[in-house]
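Here the structure comes first, spelled out in structure tokens, and everything after it is commentary.
The values are calculated or read from the model by the stated rules, or taken from the named source; none is laboratory data. Everything numeric here is computed off the predicted structure, so don't read it as measured data. Here Cβ is always computed from backbone atoms with ideal geometry, including for glycine, and neighbour counts include all displayed protein chains. We work out accessible area using only protein heavy atoms, side chains counted, and drop any ligands, DNA or RNA first. Shrake-Rupley method; radii C 1.70, N 1.55, O 1.52, S 1.80 Å.
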Amino acid sequence: MLFLDDLPLQAGRLLSCWTNNIVLNRSLVEIVEASVTSKPTVNALVYNLLLHEYLHALGELSEVEVRRQVV
């Protein structure tokens with residue numbers, strides 16, 4: 001499940017491991033939408049965040065490995 005919530009700006013997203021709940025930072029997404037004129041670029045950022053957290057939800061806890069797989 002995907003949720004949007006107002007988190008501190010340094011937190012782009014929040015994930016509870018071993019669940020299907022991903023919380024994206026609404027404020028951060030709104031700031032990016034306001035500063036980037038290209039909708040595909042905004043979509044790419046959101047996709048990247050979601051993919052990253054989805055891999056964590058599947059059980060991959062290594063931050064280095066998840067970053068490598070997302071790239």
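In region 25-45, the count of residues that are assigned to a strand (DSSP E or B) and at pLDDT 80 or above is one or more.
One residue stands out among those in region 36-61 that are more than 13 Å from the chain's Cα centre (by Cα) and open to solvent by less than 50 Å² (accessible area, probe 1.4 Å): the one that is farthest from residue 26 (Cα to Cα), which is 59. Each residue in region 50-70 was checked for being over 14 Å from residue 20 (Cβ atoms) and in a loop (DSSP other than H, G, I, E, B), and 3 of them qualify.
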